[in-house]
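Q: Dropping a structure here in structure tokens format, bear with me for questions.
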Amino acid sequence: SLWKSGIWLENRDPAAVAELVGYHFRTREGRPYEVLDLSEDLIPGPFEAGSVLAGSRLGSTWTAAHFRICFAKVKTDDEDCFSLGVESLCDILPEPDKRFHYRHRLRLPNVCVAILKATPPQFAILDACCCSHGQFGSRQPRVFRADTIIASDSVLLADWAAAQKMGSDTGASPVTAAALEQIGLPS
């Protein structure tokens, strides 16, 4: 769908989108903050040889960040059972049609594992306050109030906890299964 692919944002930069959804570029206390475009200032990504992303570029904002945070919604997905933090890492990549380039052309599990190996977030926050659930949770959300926030210094551990809370098998998502197989949970 157009919404899922991100093409509906094609002619809007991140600062314009942020303003449209209510960000004001200043905290209530008056401190300024920036909204950055991770598809700008692209540099060669630190992906290992043989990775599906070998030779790909990443925004220098993400690669050079002192502390990377993954913030994702908890939702079910008709293709992957659920969509959590690891899957949301695809959003840091520069191609505008992420669904085509990263999910279908390069296979999303391989893409997400490559990101986790090269430039993992140091912290993950999963928003399960108001979840999207049902057979088509990612495309046709039905609201479910779980009133839960899951946070961890491991995005894989946060996803594992969210899947447990959802009553799902952690291996049901091809993305999570690939990450668990190739990287594993922290001790």
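Q: Just one of L20, L84, L36 is surrounded by fewer than 17 Cβ atoms within 10 Å (Cβ to Cβ) and touching a Lys or Arg at 6+ places or on another chain (Cβ under 9 Å); which is it?
A: When all the criteria are applied, what remains is L20.
Q: Among the candidates A151, A128, A146, single out the residue that is part of a strand (DSSP E or B), modelled with pLDDT under 95 and either open to solvent by 20 Å² or more (accessible area, probe 1.4 Å) or closer than 18 Å to D41 by Cα (or both).
A: A146
Q: Can I ask one more? Being aliphatic (A, V, I, L, M), more than 17 Å from S39 (Cα to Cα) and either at pLDDT 95 or above or open to solvent by 40 Å² or more (accessible area, probe 1.4 Å) (or both) is the filter here, so list the residues in the range 97-117 that pass it.
A: Listed by number, the residues that qualify are V113, A114, L116.
Q: Here's another thing I want to ask about it. Looking at the structure I just gave you, is T76 buried (at least 21 other Cβ atoms within 10 Å of the Cβ), in contact with a strand residue (DSSP E or B) (Cβ under 9 Å, 6 or more places away or on another chain) and hydroxyl-bearing (S, T, Y)?
A: yes
Q: Could you identify the single residue in V35, V111, V74 that is within 29 Å of D147 (Cα to Cα), outside any loop (DSSP other than H, G, I, E, B) and touching a helix residue (DSSP H, G or I) at 6+ places or on another chain (Cβ under 9 Å)?
A: Being within 29 Å of D147 (Cα to Cα), outside any loop (DSSP other than H, G, I, E, B) and touching a helix residue (DSSP H, G or I) at 6+ places or on another chain (Cβ under 9 Å) holds for just one of V35, V111, V74, which is V74.
Q: What number goes with the only condition from (1) aromatic (F, W, Y); (2) surrounded by 16 or more Cβ atoms within 10 Å (Cβ to Cβ); (3) within 15 Å of the chain's Cα centre (by Cα) that F71 does not pass?
A: The failed condition is (2).
Q: Would a scan of the range 40-57 turn up a residue that is open to solvent by 100 Å² or more (accessible area, probe 1.4 Å), more than 14 Å from T119 (Cβ to Cβ), at pLDDT below 90 and in a loop (DSSP other than H, G, I, E, B)?
A: no
Q: Answer yes or no as to whether L116 is within 19 Å of E181 (Cα to Cα) and among the hydrophobic types (A, V, I, L, M, F, W, C).
A: For L116, the condition - within 19 Å of E181 (Cα to Cα) and among the hydrophobic types (A, V, I, L, M, F, W, C) - is met.
The values are calculated or read from the model by the stated rules, or taken from the named source; none is laboratory data. Only a predicted model underlies this, so the values are computations on that prediction, with no experimental measurement involved. All Cβ positions, glycine included, derive from the backbone under ideal geometry; neighbour counts span all protein chains shown. Side chains are part of the model used for accessible areas, which takes the heavy atoms of the whole protein and leaves out ligands, DNA and RNA. Shrake-Rupley method; radii C 1.70, N 1.55, O 1.52, S 1.80 Å.
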